[in-house]
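Asks: Before we start, here is the structure in question, set down as structure tokens.
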Amino acid sequence: MISLLAKRLFWTNCLGATAIFGFVAGSVFAIGHEAVGRLVEAEMRTRGQSFADLLIGPERYVDAMLTGIARDPEAENFVRRVADLSSIDSYVLFDRNGNEVFRSRSERYEWLLRDRPGGVSMGDKLSASTVSRPGAWEVVSDDGESNPSVIMPLIRDGRTIGYLSVVADMIAERYHYQSTLARTYALVIAIVLAATIVPFILFHLRRRKIAEADERIRFLADHDSLTQLLNRRRMQEACDQLLFKLRATREELAYLYVDLDDLAEINDRCGQARGDEILRIVARRLAASLEDEDLVARVGPDDFAIVRRRVTDRRLVGEFARRLSEAVGEPVEIDGHKIVPKISIGCAFAPDHGRTHSELVKHAEIAHFHHKADRQGPLVFFEPQMDEVMHRRRYVEAQIKRAVENDGFELFYQPLVRGADGSLVGFEALARLRDEKGVLIPPSEFVPIAEARGYVKAMGSWVIQEATRQIAQWPAPLFVAVNLSAVQFVDGDLVAIIRSALDAAGIDGERLEVEVVESLMLERSTAILDQLFALKQLGISVDMDDFGTGYSSLGYLWRFPFDKLKVDQSFMQALENGEPNVKEIVATIVSLAHQMKMKVTTEGVETEEQAHFLASLGCDQLQGYFFGKPLPARETAEKFLVGYRRNDRFGKGPRAAAAVRRIA
């Protein structure tokens, strides 16, 4: 793209080059015309001198024509023939006083007299200035159109005996000179063109490419290369300019922080290239929904920013956000994948929520996180109390990062007991995080943040290593169960990580169980299924966690042979609340699992009545506060493993206290 200034400069140079070329061509034409005249004049002088030499030569042909004495008709005829052969059209002789004495033909009465022997005399006379000129001289007369003439003195033995005027037929010669010079000058002009115009064109082509490259560089400096929207730096500059003007205009400005949800999942499912295409589509849809004065930029991997000026009614911003969501949410089909993009929007207003770009971004991003969490309405407007929530979120994120870098997580262990007799069979390992003061941060708070910020894989790998290390120190055949996230399957190295942990701990796969959620099976990915089958080959039990919530498709159960189903704790809560049909549904799940050769574990058991009910259904394993809360490894060992025997519920130490909870 060439700027207007560059275009003007280009055409100015073209006009200048045309003017120079016109001047050169005109000069060449004038020089050529002058050169033809000089060549004709030179040729005329030569012919005139040659004819004069003939006349005053030894034969003295001129005497017969000047004096009229002993005039020899044959001599006159000879002279005429020579003149004809020399393309001399006519000639005139004057005596020494300049009086005409002989004319070969009459131009005036050519139609009547023609050529006649003896010549004619028209009575013409040379001027006194011509006759008085001394020495040998020649005067050529040529108007460039008619035949030229030359007049010269006839000098014999140093004495002027008369004057000769010759008119020669130079039409053919003049044409020859003109055509020859025309070809020569055409070649010269062509060479000049090749030497000047071609470099000029090449120079401007190169200059144009340089200008386009400069324009492209400036564009890339201000725009995102993937979406062609403004980039973060350019948006900040433009926003700073608008905020500076707000002090004078007193208008209100809306800053919208827009996040494309689940881009990582789209990339994992469809590939990075398809994810980039979704980003481009979303960017085009956002840009198409704006007004002329609005600004839009890509400010992060899946984040966009929109600035709307002259906001008069905040409800209109809500309507605008709704239109954005509808426009972006149109389904997109790529390579057989139907994708429905969704966005989360947070909005902050200037000057109420900030007078600088950084303040607006911070507050709009905080509002966006609230919208992402609750999805109430098309967007969330920033409110001052939200800042405290975001401050807490950032604090927790910092603690997660510190824990990942320094192995700062802890594992708590919750017992799993046999449904038939309440004897201990294993533990579920649950990650815990403490803040700088040693206070536990709830998993419901730090786990979503870890997922959003990409710490789940590192945290999950540590959990596997620590859980296997710990269970190796406890008696067999107790096992430990760990939860797996979908993120841990993405890179394809999960099996290697688990195998390495088992080898380092020196235990068999039978002492480890992995739990996956139903949503993971939605992928129907061959890569995920291959990893699950590889884990089963290591002897590891693969369990479906939280069964009965989410999608609960029976297709998952035949597509992959799970070893165990874990009934979600929400069923125990519903049972405690007396909701209808809960017992029948739980009984159906247990029966179905047993028919498919799977064990059943029920979570959230908190009362003796629940435990008895599940035992009556033949539920294989139970887990819940009724049997024990999650505790650190040391406390778990003290409470459940002191004097442990395989048929004991919890060991000798707490046996008496646990007897009241025995269900078999």
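The values are calculated or read from the model by the stated rules, or taken from the named source; none is laboratory data. Keep in mind that this is a model prediction, so the values were computed, not measured. Heads up, the Cβs are rebuilt from the backbone with ideal geometry, glycines too, and the neighbour counts pull from every protein chain shown. We work out accessible area using only protein heavy atoms, side chains counted, and drop any ligands, DNA or RNA first. Shrake-Rupley method; radii C 1.70, N 1.55, O 1.52, S 1.80 Å.
Asks: How large a share of the accessible area of the chain, in percent, is made up of carbon and sulfur atoms when the probe is 1.4 Å and the other protein chains stay in place? Write out the running numbers ahead of the final one.
Replies: Numbers: 18620 of 34670 Å².
Reported share for carbon and sulfur atoms: 54 percent.
Asks: Let me ask something additional. For the range 428-569, what proportion of DSSP beta bridges, expressed in % and rounded to the nearest 5, is antiparallel?
Replies: Working: 2 of 16 bridges.
Close to 10 percent.
Asks: Using a probe radius of 1.4 Å on heavy atoms only, what accessible surface per residue do you get for the range 477-517? Whole Å² is fine.
Replies: Ligands and nucleic acids excluded, the result is 39 Å² per residue.
Asks: Which value, in debye to the nearest 20, gives the size of the charge dipole of the range 434-574 about its Cα centre, when Lys and Arg are +1 and Asp and Glu are -1 at the Cβ? Walk me through the numbers before you get to the answer.
Replies: Details: 12 positive and 20 negative charges, 18 e Å.
So the dipole magnitude of the range 434-574 works out to roughly 80 debye.
Asks: Taking the highest mean first, how do the peptides 439-445, 407-413, 343-349 order by number of other beta carbon atoms within 10 angstrom per residue? Each step should come with its number before you reach the end.
Replies: Details: 439-445: 12.0, 407-413: 17.7, 343-349: 24.9.
Sorting 439-445, 407-413, 343-349 by mean packing, highest first, produces 343-349, 407-413, 439-445.
Asks: Whole number in Å², please: accessible area per residue of the range 351-467, 1.4 Å probe, ligands, DNA and RNA not counted. Walk me through the intermediate numbers first.
Replies: Details: 5450 Å² over 117 residues.
Accessible area per residue, the range 351-467: 47 Å².
Asks: Over the alpha-carbon set of the range 134-225, work out the extent along each principal axis and list the three values in angstrom, largest first.
Replies: Projected onto its principal axes, the Cα set of the range 134-225 covers 99, 28, 18 Å.
Asks: Order 558-564, 265-271 from most to least packed using the mean count of other Cβ atoms within 10 Å. Please list the in-between numbers first.
Replies: Values: 558-564: 15.7, 265-271: 17.3.
Result, highest mean Cβ count within 10 Å first: 265-271, 558-564.
Asks: Whole-Hz Karplus ³J(HN,Hα) for the range 290-301, in order, using 6.51 cos²θ - 1.76 cosθ + 1.60 and θ = phi - 60°, x for Gly and Pro?
Replies: Whole-Hz 3J(HN,Hα) from phi for the range 290-301: 8, 8, 4, 8, 6, 10, 9, 8, 9, 10, x, x.
Asks: In degrees from 0 to 90, rounded to the nearest 10, what is the angle of the helix 608-617 Cα long axis to the longest principal axis of the chain?
Replies: Result, in degrees: 80.
Asks: Turning to a different aspect of this structure: Using the C-alpha atoms of the range 227-362, what convex hull volume per residue, in cubic angstrom, is computed?
Replies: Numbers: hull volume 13.0 nm³, N = 136.
Normalising the Cα hull of the range 227-362 by residue number yields 96 Å³.
Asks: Right, something else. Over 21 Å between Cα atoms: which of Lys536/Lys566; Lys342/Lys566; Lys437/Lys457 fall into that group? Kindly include the intermediate steps, with their values, before the conclusion.
Replies: Working: Lys536/Lys566 17 Å; Lys342/Lys566 31 Å; Lys437/Lys457 26 Å.
With Cα atoms farther than 21 Å apart: Lys342/Lys566; Lys437/Lys457.
Asks: Helix-only estimate, please: 222 nm mean residue ellipticity of the chain, summing -39500 (n - 2.57) across DSSP H runs of length 4 or more and dividing by its residues, to the nearest 500.
Replies: Details: 25 runs with 325 residues, N = 664.
Calculated mean residue ellipticity at 222 nm is -15500 deg cm²/dmol.
Asks: How large is the Kirkwood hydrodynamic radius of the chain, counting all unique pairs of alpha carbons, in Å?
Replies: Details: mean 1/r = 0.0281 Å⁻¹.
Value: 35.6 Å, from the Cα pair sum.
Asks: Now for a different question. So with the 1.4 Å probe, I'd like the accessible area per residue for the range 92-238, rounded to whole Å². Write out the running numbers ahead of the final one.
Replies: Details: 8950 Å² over 147 residues.
Spelled out: the 1.4 Å probe surface of the range 92-238, per residue, equals 61 Å².
Asks: Name the residues whose placed amide hydrogens come within less than 5 Å of the amide hydrogen of Gly426, ignoring near sequence neighbours (fewer than 5 apart) on the same chain.
Replies: Answer set, sorted by chain and number: Leu416, Phe479.
Asks: Here is a further query. With axes computed from alpha carbons, what is the tilt in degrees of helix 272-288 against the longest principal axis of the chain, rounded to the nearest 10 within 0 to 90?
Replies: Here the helix axis deviates by roughly 70 degrees.
Asks: From the square roots a ≥ b ≥ c of the eigenvalues of the alpha-carbon gyration tensor of the range 420-553, which class results: rounded (a/c under 1.5), prolate (a/b over b/c), or oblate?
Replies: Rounded, because the longest to shortest axis ratio a/c is under 1.5.
Asks: Additional query: Could you work out how far helix 198-222 tilts from the main Cα principal axis of the chain, as a 0 to 90 degree angle to the nearest 10?
Replies: Helix 198-222 sits at roughly 20 degrees to that axis.
Asks: On to the next question. Take every DSSP beta bridge with both residues inside the chain and express the antiparallel ones as a percent of the total, to the nearest 5. Don't jump to the answer; show the numbers that get you there.
Replies: Details: 59 of 84 bridges.
So the antiparallel bridges amount to about 70 percent of the total.
Asks: Regarding the range 337-457, what's the average projected area of the Cα-atom convex hull, expressed in nm²? Could you put the intermediate results ahead of the total?
Replies: Numbers: hull surface 50.9 nm².
Answer in nm², one decimal: 12.7.
Asks: Arranged from highest to lowest average of other beta-carbon atoms within 10 Å per residue, in what order do the peptides 526-535, 144-153 appear?
Replies: Numbers: 526-535: 15.6, 144-153: 17.5.
Taking the mean over residues of other Cβ atoms within 10 Å, the ranking is 144-153, 526-535.
Asks: Next question, about the same structure. In whole Hz and in residue order, list the ³J(HN,Hα) couplings for the range 233-247 that follow from phi through the Karplus curve 6.51 cos²θ - 1.76 cosθ + 1.60, θ = phi - 60°; x for Gly and Pro.
Replies: Once rounded to whole Hz, the list reads 5, 5, 5, 4, 4, 5, 5, 4, 5, 5, 5, 5, 6, 4, 5.
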